[in-house]
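J.: Have a look at this one before I ask anything.
Read-outs throughout are calculated quantities, based only on the coordinates presented, and are distinct from any laboratory measurement. Not measured: the values here are computed from a predicted model. No Cβ is skipped: glycine too gets one built from the backbone with ideal geometry, and neighbour counts run over all protein chains shown.
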Ligand SMILES: Cc1ncc(C[n+]2csc(CCOP(=O)(O)OP(=O)(O)O)c2C)c(N)n1
Ligand SMILES: Cc1ncc(C[n+]2csc(CCOP(=O)(O)OP(=O)(O)O)c2C)c(N)n1
Ligand SMILES: [Mg+2]
Ligand SMILES: [Mg+2]
């Protein structure tokens, strides 16, 4: 199964299991979304549970909040994460704060799905990774799976989570990442990272599509004598701090890879967390290999992305510091 | 002069000097804005240069972009920074990217003014400090003055800057921070920090209203043997990295204070920058004293803010590590 | 430039036509009046507290009580209400106790919102009065979402959402009402047009002339009503509620109000909605000096007792900050709570 | 449920009434037709390139050429144009060279945008065709801002902004047109209603029925026009341009179009706007087989030459990424540029 199929499977299973779950968004109905993630759901569940909306992201999230207040469990789709900004106010000012400002009396649990990241020649407005701008805001959980197994398990966990979850789907590997996915019900817990490559010299933190670049770089690095431990964060916030710190205490070195712009990205937070907690263990400056502090380019997107050839020298530098 | 008067003075002078400058926003006209920052401008310049707009922040920034394209120099006001999110898309997707995406042919220079921060019992929606969510986005400059002299000089520099600038005004000290302000024209350069207290033991980075808390804590810390160097960033991005690194190379210790939530705030970026550049000089874990990762509270706002009594123990801990 | 003259049952002297009003029972008419009297006095008291600095922020409804109470009174128990900042009386009408509102004003431990929000609007879950932020317009799509969900669930539940004329410029007004039109959600969007958004006159808010006219853009029904006339507002919103029940979709009601400036309250004008309703009751023989005296004494006692109780209550403790950010406290908030405790202990507080 | 039937000069057979059209000179009529022919062929060629994977993304205008070209032709040189993704022909009409567009499609060093954007829309500063993002609706307030600024400066400059029916749901449609109504900005908002936003039909986009009806909400004039009839579009937009010049404010034009599916192009229908204009020219004696043959040969040669030239051009170098983020390169971008150079050198690229 690929990621698209795994996410589709999770949606279908949960919609069968829980009649409160509804999917809404632009073009999610009959055509099954731009990436076909919701394909077939409209046929099975009809247009009262798989709903094509007007072209307004603020309206999608705003009305989904109302649906959730009434007791439904909406799973809105934002067609590309780049289009989430018109809904930024509804997400950060309303969705994130509702439970808190109402003393826990009102909640609007939902999972906001959106494809993120570059690598499909989408240019400025079809390639961004906006996680940091949501993690900075209290009250949201943020998830980003890197493979079909996690995608299904995390989505099922997210839909059952009592808090609002942003579920970012790395579109570059929608079809490229394939793997075994159990047919039945299972969850991958929100908040748990996975050590996908054990190693002793450098801890590499990555997620989504860039995980594969980190792994590729790690494979090359080992030939140059640097044995990386690669951790797939899976949940970006609240992050699995224990797994991270445990690894860095062992390796004494840390490197973060992400597609989003470098400045004020999640990488800065991860490095700061590590510096605060494992300072005495650190044997080299923490390092970042990130997207650039420029808009996301079209013709030069492979220059922008933190691909293996950029990660490798940073690993070696960190390992040999 | 206080901050309100200094900002008003800067606007008035620049509007006299440069006929292209227009002020627009909700209630900026006859009444001179909620905090009276634009008071008197409507009388002097009339309703074609000091313009009350409909209640739409996206419309304010969106039309200001058009005005700037035509050659005007808009200085839009967002009544509280908490209300900037409906305009987030126009700011991060359009304003920030216009020069880049048009190969430098089109630009929309403007200064977006907004009061930030807590301490006036404004609660969740009248107290926030959203700088990090804009610094993460390439193409914007972000400024936050802490005193009337800098406020006037930075605003004049910002209006003359070729790039879009977000000008965040710490409302808690709008009237409380007073000082000498030259009558005539002068600028405080965008991108330059100020060392406001020299010291040798710990570098403390702060800005806006929290600068005074940092200074108060530093005054107490020195009695406990910790001599702080306090730096007022003034420009939050692009930050004055030289001044910061030079100081940390000297002190070997760094602490950041800010009101915004801790996670993924500017503090994380500053600490990461320092860790990347001055790792061998660091003698203690870098520290943060920040707003909490909760929404901004009403009754308990003095618990939320990183006041001197919270900064002091962190300074001592850092100094004695 | 209203498309249609506002619906009103008022006579030339401004009072509400008793003939018109007979569709409303004496009991209901008195209840509406009394709710407006409570709202008026509550506003006056809280404004006074604001002057002393004891209360930081309050959004009063002086002169706009009829639009607020009349609309709320048209709903059923199962219906939902989303207010703007000024529609406290709608929550009270639906059963929020006065003292609960007083605790909200003071942000005490007994505030439903745990003192987390600056005053106004309050919410009251038992009566389906939703939690609304002071951000102008954001509640409109929420209200539409509830109504839409109810329609999907085939329940006869309607949703009333209040907002001001300024809010019609917000993107969320557009998003909300557009979704309402497409989904035929049973929503009643009540625009209280008091002519101003802070210092900005309605003429700089829209080029449309009237606000009800905006309904056309969404395929909703639009109606303008004299917002100083509680019985007309009640009637118009009841009609809208009927359309909702019949599956005919949403209605945008523009209630034109004349807010009183704070100084005007002590000298009630002919146009004051309380005075207009008073004369209506008088004409129906429901109002007399004795009743008036008893009512104002009772209301003052109730309001003052509520405010006094809340004024004496405690503000929430430090630890409560961290609750309800998430359903469960995650590690980073646990740490921040510990650190805050330690700093407070160190500072001796 | 259009409020008014669309303005059209078409006769029963779909062709444009020659009597109607005589207000348009033969020269202009031919120019309009030729621009539509160019647009059509360009679309066909780029769609073919997309099929091969050589071009990643393209927003075609098949069947909607008349609405696009007719509106653009109503403007003066000093006027501005903001397109949506499909209005490439408006930029070409105003003088953007074909080869410049071709460079945009391939994202070459000669692309005005330095290959930074995925294709469509292009911009062309010399002709006041603005830079627009593919985000639906965001350009509408920009257009209004330019128009408003021109009005403040007392210049007779109008602004044409194109968008689709889907865009009318965006918050920025509302914000932009609302500001236009209040400021009486000389803007012409051209909604190309092709019945669909991606897979979503107009009936799920709005409950309003027609899109021109939305003008009422802003105090703008609203008019519906047959978007397959280039001369009617020209006339209606000229009228709107006249109102703008006279200080009468903005107009929302709904141009109803019938987009062709890609397979339909080779078999032109009676409703095809090119065929309709062809028959108009024929009726006026402006069209003949010889002309047609020469025209299609010339257009094919021009289009193919432009695309071939751009296909052979280079993509921009790595360092160009960092230019134009700010007016001057700040320290962090200088560092990132160095690091990128080093990594590329290390990787041997
Ligand atoms: C998004 C947003 N922008 C601005 C404000 C500031 N503000 C609060 S009330 C108000 C005026 C509201 O006017 P209207 O909607 O007519 O309501 P009224 O106060 O007249 O009842 C403004 C501008 C806000 N709260 N939220
Ligand atoms: C803010 C935003 N949301 C969603 C999209 C994705 N999208 C691109 S075009 C489109 C449909 C636009 O429909 P319409 O406005 O009618 O224009 P048409 O394609 O029919 O010409 C959508 C949903 C986008 N580009 N921007
Ligand atoms: Mg109002
Ligand atoms: Mg369309």
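J.: Return the whole-Å distance between the Cα centroid of the stretch A:62-120 and the Cα centroid of the stretch D:98-175.
T.: For the stretch A:62-120 versus the stretch D:98-175, the Cα centre distance is 30 Å.
J.: Next question. Could you compute Rg(Cα) / (2.2 N^0.38 Å) for the stretch C:18-311, with N its residue count?
T.: Normalised Cα radius of gyration, the stretch C:18-311: 0.95.
J.: Something else: Please rank B:127, D:15, C:203, fewest neighbouring Cβ atoms within 10 Å first, as an exposure proxy. It would help to have the intermediate numbers written out before the result.
T.: Values: B:127 29, D:15 21, C:203 10.
Neighbour counts put them in this order, fewest first: C:203, D:15, B:127.
J.: Based on the Cβ-Cβ distance from residue A:220 to residue A:30, what FRET efficiency comes out when R0 is 35 Å, to the nearest 0.05? Each step should come with its number before you reach the end.
T.: Values: r = 46 Å, r/R0 = 1.30.
Plugging the Cβ-Cβ distance into 1/(1 + (r/R0)^6) gives 0.15.
J.: In addition: Compute from the Cα atoms of the stretch B:45-100 the Rg and the Dmax, the latter being the longest Cα-Cα distance, and quote both in angstrom.
T.: Using the Cα atoms of the stretch B:45-100, the pair Rg, Dmax is 11.4, 35 Å.
J.: Per residue, how big is the convex hull around the C-alpha atoms of the stretch A:113-255? Give it to me in cubic angstrom, could you?
T.: 123 Å³
J.: Classify the stretch D:196-268: rounded, prolate or oblate, from the alpha-carbon gyration tensor (a ≥ b ≥ c, eigenvalue square roots; a/c under 1.5 rounded; otherwise prolate if a/b is larger than b/c)? Write out the running numbers ahead of the final one.
T.: Numbers: a/c = 3.77, a/b = 1.43, b/c = 2.63.
Oblate, since a/c reaches 1.5 and b/c is not below a/b.
J.: Related question: Please state, as a whole number in µm²/s, the translational diffusion coefficient that the Stokes-Einstein equation yields for the protein assembly as shown at 20 °C and 1.002 mPa s, with Rh defined as the Kirkwood radius across alpha carbon pairs.
T.: Reported coefficient: 67 µm²/s.
J.: Need the C-alpha centroid separation for the stretch A:169-243 versus the stretch D:21-73, integer Å.
T.: Each part reduced to its Cα centre gives a spacing of 48 Å.
J.: Based on the alpha-carbon gyration tensor of the stretch B:1-140, what equivalent-ellipsoid semi-axes (square roots of 5 times the eigenvalues) come out, in whole Å, largest first?
T.: Numbers: eigenvalues 104, 85, 32 Å².
Calculated on Cα positions only, the semi-axes equal 23, 21, 13 Å.
J.: In what order do C:174, D:332 fall by count of nearby beta-carbon atoms within 10 Å, going from fewest to most? All intermediate terms of the calculation are to be shown ahead of the outcome.
T.: On the way: C:174 34, D:332 20.
Going from sparsest to densest Cβ surroundings: D:332, C:174.
J.: Just to confirm my numbers, what's the Cα centroid distance between the stretch A:121-157 and the stretch D:293-315 in Å?
T.: 43 Å
J.: Over chain A, what relative contact order in percent results from Cα pairs under 8 Å that are six or more residues apart?
T.: Numbers: 718 pairs, mean separation 51.2, N = 321.
Contact order relative to length: 16 percent.
J.: Let me ask something additional. In the stretch D:295-349, what is the volume of the convex hull around the alpha carbon atoms, normalised per residue and reported in Å³? Could the numbers behind the result be given before it?
T.: Details: hull volume 5.0 nm³, N = 55.
In the stretch D:295-349, the Cα hull volume divided by residue count equals 91 Å³.
J.: Among DSSP beta bridges lying fully in the stretch C:18-311, give the percent that are antiparallel, nearest 5.
T.: Details: 3 of 25 bridges.
Beta bridges within the stretch C:18-311, antiparallel portion: roughly 10 percent.
J.: Stick to Cα atoms and the Kirkwood definition of Rh, then tell me Rg/Rh for the stretch D:42-146. Let's see the in-between values first.
T.: Details: Rg = 13.2 Å, Rh = 14.0 Å.
Taking Rg over the Kirkwood Rh, I get 0.94.
J.: Provide an ascending nm list, one decimal, of label-point separations from residue A:183 to the equivalent residue in each further copy; define each label point as 7 Å from Cα along Cα→Cβ.
T.: 8.8
J.: Per the Debye formula with a single identical scatterer at each Cα and no solvent contribution, what log10 I(q)/I(0) holds for the stretch C:1-99 at q = 0.16 Å⁻¹?
T.: Evaluating at q = 0.16 Å⁻¹ gives log10 I(q)/I(0) of -0.81.
J.: Counting other beta carbons within 10 Å of each Cβ, put A:41, A:95 in order, fewest first. Walk me through the numbers on the way to the answer.
T.: Details: A:41 20, A:95 27.
Listed from fewest to most nearby Cβ atoms, that is A:41, A:95.
J.: Within the stretch D:151-173, which residues have the backbone N less than 17 Å from the label spot 7 Å out from residue D:269 along Cα→beta-carbon, could you tell me?
T.: Once the point is set 7 Å along Cα→Cβ of residue D:269, nothing inside the stretch D:151-173 turns out to lie under 17 Å by backbone N.
J.: While we're looking at this one, here's another question. Let a ≥ b ≥ c be the square roots of the eigenvalues of the Cα gyration tensor of the stretch B:65-197; is it rounded (a/c under 1.5), or, if not, prolate (a/b larger than b/c) or oblate? Let's see the in-between values first.
T.: Numbers: a/c = 1.98, a/b = 1.28, b/c = 1.55.
The shape class here is oblate.
J.: Measure of size requested: the Rg and Dmax of chain A, with Cα atoms as the atom set and Å as the unit; please supply both.
T.: Considering chain A through its Cα atoms, Rg and Dmax are 19.3, 59 Å.
J.: Counting pairs of alpha carbon atoms under 8 Å apart in space and at least six apart in sequence, what relative contact order in percent does chain D give?
T.: On the way: 636 pairs, mean separation 81.7, N = 349.
Computed over chain D, the figure is 23 percent.
J.: Now for a separate question. Compute the Rg to Rh ratio over the stretch D:226-349 from the alpha carbon atoms, using the Kirkwood formula for Rh, and round to two decimal places. List each step's numbers first, then the result.
T.: Details: Rg = 25.1 Å, Rh = 20.6 Å.
So for the stretch D:226-349, dividing Rg by the Kirkwood Rh gives 1.22.
J.: How large is Rg/Rh for the stretch B:232-277, to two decimals, with Cα atoms and a Kirkwood Rh?
T.: Values: Rg = 10.3 Å, Rh = 11.1 Å.
Computed over Cα atoms, the ratio is 0.93.
J.: Take the alpha-carbon positions of the stretch D:284-323, form their convex hull, and give its projected area averaged over all directions (one quarter of the hull surface) in nm². Spell out each step's value before the answer.
T.: Details: hull surface 19.2 nm².
Convex hull of Cα atoms, orientation-averaged projection: 4.8 nm².
J.: If you don't mind, another one. Under the definition of partner shielding as Cβ atoms of other protein chains within 10 Å of a residue Cβ, what is the mean value for peptide B:233-241?
T.: Neighbouring Cβ atoms belonging to other protein chains average 2 per residue here.
J.: Per residue of chain B, what 222 nm ellipticity follows from adding -39500 (n - 2.57) for every DSSP H run with n ≥ 4, rounded to the nearest 500?
T.: Details: 11 runs with 110 residues, N = 321.
The helix contribution divided over chain B gives -10000 deg cm²/dmol.
J.: In addition: Can you give the Rg and Dmax of the stretch B:194-319 based on its C-alpha atoms, in angstrom?
T.: Looking at the stretch B:194-319, its Cα Rg and Dmax stand at 13.4, 43 Å.
J.: Projected area of the stretch C:136-287, taken from the Cα convex hull and averaged over every viewing direction, in nm²?
T.: Working: hull surface 40.1 nm².
Over all viewing directions, the stretch C:136-287 projects a mean Cα-hull area of 10.0 nm².
J.: Among DSSP beta bridges lying fully in the stretch C:167-284, give the percent that are antiparallel, nearest 5.
T.: Working: 2 of 14 bridges.
Around 15 percent of the beta bridges assigned by DSSP in the stretch C:167-284 are antiparallel ones.
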